[in-house]
Amino acid sequence: RGAGVAVALPLLNSMQPRAVLAKNVAPKRTELPRRSVFVYIPNGVNVETWKMDKAGADYDLSVPLQPLERHKKVITPISGLYHGNGLGQGHVCADSWLTGAALSSESSNYKNSVSCDQVMAEVTGPLTRFPSLELSITAGVGQPQNTTTLSYSRDGVPLPAEESPRTVFERLFGTDSGGAKAQEAKIRSRQSVLDAISSDARSFRSALGHEDTQKLDEYLNAVREVEIRTERMEQWLNVPKPQVNGDRFLRDVPRSYAGDYYRTMYDLIVLALQTDMTRVVTYMSGSETFGLALPELHIRQSRHELSHHNGDPETLSRLTRSDTFLTEQLAYFLDRLHAVQEDGVSLLDRTMVLYGSGMSYGHSHGNANLPTVFAGGAKLGIKHGQHLDYNLKKLGTYEQRDLVGMCFSPIDRDARLSNLLLTMLHAMNVPTEKFADSLAPISEVLA
């Protein structure tokens, strides 16, 4: 690759624990798990009410962040971060939030790279039944430049997300009525289908033109991802799943009741982590074109509609209330993580949570000064309790005229979101010196 660009080394077979490579053997846990959760909010925020005027430990949370007051010692709001390749990208920003990739504005030339969560999953995945869990407000992968998932494989293939609490619960904890033999038969059938697809596709590859060959290779990469996950299912076939109460998740939870829907999804994440079914989770709480209206707050507009406020005071007020509502759901999630104890340590202390957006100013698609809250992970070497503000380091104080402008042009060019992603990778014991355009880990959040 070009100068200054590096990627994390994939997890090779030689790096994996021997127990993981054996068939039908659940790996033994040698240390308490390290976990990461990534939560995306769409369309930016109301930058006027989101900003905080002071940095450091002696700061006051802004109105939309006040629901996090009780968690102030275990969070770090960060101002001024950006993705160098994300500037001017508009709605494509969700696609690159965890990859930092330079994405073409033409769908035919769309090519992403591996997402941070999947680099983590390469290390933690062999130790859990599910390498990672992809959740979203909309199932599937969406489309290039407007995906409904945050996760991308090593080949840049989007990994489909799930939106239904019932479906996710049954996937995690459900059992086949026919027992292990029925599950094994299904796995064998799936493997046969995948083998046939791969064989047929490769048989006519040489007859294709360049563009079709590229599309076929992308398709085969996606098939390979399914093959890998199928192989891992087989490894865990004879390992019983945890017995848990699913009453909360097996009911219908319509998205029209946004608060109940979000809290149910957060409860699912907590349960998945608590039972060590996975250690890496992404949750897209809204895509750039679909964010829930909030009828319980009498807000009928979607977040996309609110973000295009055109300076209207009432719409901006609703956007702030929407920002605050989403932060309340995050506070609930941190409450639940804190309440679960694991060998005398809270789940929150062993779980990092990154909450934020790939856009700051939604009205005209500003992708700098990204709203970001980093939480948890105290037992992973992370420290909190301050507002880390790269803007104030340069400006000294905020002027009203600065608020929108800094959403398009970074104040500190070294304040890269990839630096935070690299910090999280290191805390997850992922051996890599660089991720995307990162410069170095963020020392201010390291204990």
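List the relative contact order of region 311-387 as a percent without decimals, with contacts defined as Cα pairs under 8 Å and 6+ residues apart. Please report the intermediate quantities before stating the final value.
Values: 71 pairs, mean separation 16.3, N = 77.
Relative CO of region 311-387 lands at 21 percent.
Each peptide in 433-445, 285-297 gets a packing score, the mean of other Cβ atoms within 10 Å over its residues, and the list from highest to lowest is 285-297, 433-445. Net length available on complete extension from LYS393 to GLU342 is 14.5 nm, with 0.36 nm assigned per residue and the Cα-Cα distance removed. Amide H contacts of LEU439 (H built 1.01 Å from N, in plane; Pro and chain starts excluded): ASN419 sit under 5 Å, all sequence-distant by 5 or more or on other chains. Backbone amide hydrogens, once placed in the peptide plane, bring MET52 within less than 5 Å of nothing, excluding anything fewer than 5 places away on its chain.
For Cα pairs less than 8 Å apart in space and 6+ apart in sequence, what is the mean separation divided by the residue count of region 41-111, i.e. the relative contact order in percent? The partial results should precede the final answer.
Values: 39 pairs, mean separation 13.3, N = 71.
Over region 41-111, the number comes to 19 percent.
Ligands, DNA and RNA are left out, and with a 1.4 angstrom probe the accessible area of region 335-377 is 24 Å² per residue. Between SER104 and ASP402, the contour length at 0.36 nm per residue exceeds the Cα-Cα span by 104.4 nm.
The apolar share of the surface of region 90-173, taken as the fraction of accessible area on carbon and sulfur atoms (1.4 Å probe, ligands and nucleic acids excluded), comes to 51 percent.
Placing R0 at 60 angstrom, the Cβ-Cβ distance between ASN310 and GLU31 gives a FRET efficiency of 0.70 after rounding to 0.05. Overall, the accessible surface of region 293-370 at a probe of 1.4 angstrom is composed of carbon and sulfur to the extent of 48 percent. Cut-off 13 Å, label point 7 angstrom out along Cα-to-Cβ of ASP53: give me the residues of region 59-84 whose amide nitrogen falls inside. Label zone hits: 59-63. Contour minus end-to-end for THR175 and SER364, with contour as 0.36 nm per residue of separation and end-to-end as the Cα-Cα distance? Length difference between fully extended and current span is 63.2 nm. The packing ranking of peptides 75-82, 50-57, 381-388, 340-347, highest mean first, is 75-82, 381-388, 50-57, 340-347, where packing means the average number of other beta carbon atoms within 10 angstrom of each residue. Between amide H atoms placed 1.01 Å from N, distances below 5 Å from LEU133 occur with VAL280, VAL281, THR282, all of them 5 or more places distant or on a separate chain. Sorting the segments 351-361, 394-404 by their mean number of nearby beta carbons within 10 angstrom, highest to lowest, gives 351-361, 394-404.
The values are calculated or read from the model by the stated rules, or taken from the named source; none is laboratory data. Bear in mind that the values here come from a model prediction, so they are computed numbers and not experimental data. When we count neighbours, we look across all protein chains shown, and the Cβ atoms used for this are built from the backbone with ideal geometry, even at glycine. We work out accessible area using only protein heavy atoms, side chains counted, and drop any ligands, DNA or RNA first. Shrake-Rupley method; radii C 1.70, N 1.55, O 1.52, S 1.80 Å.
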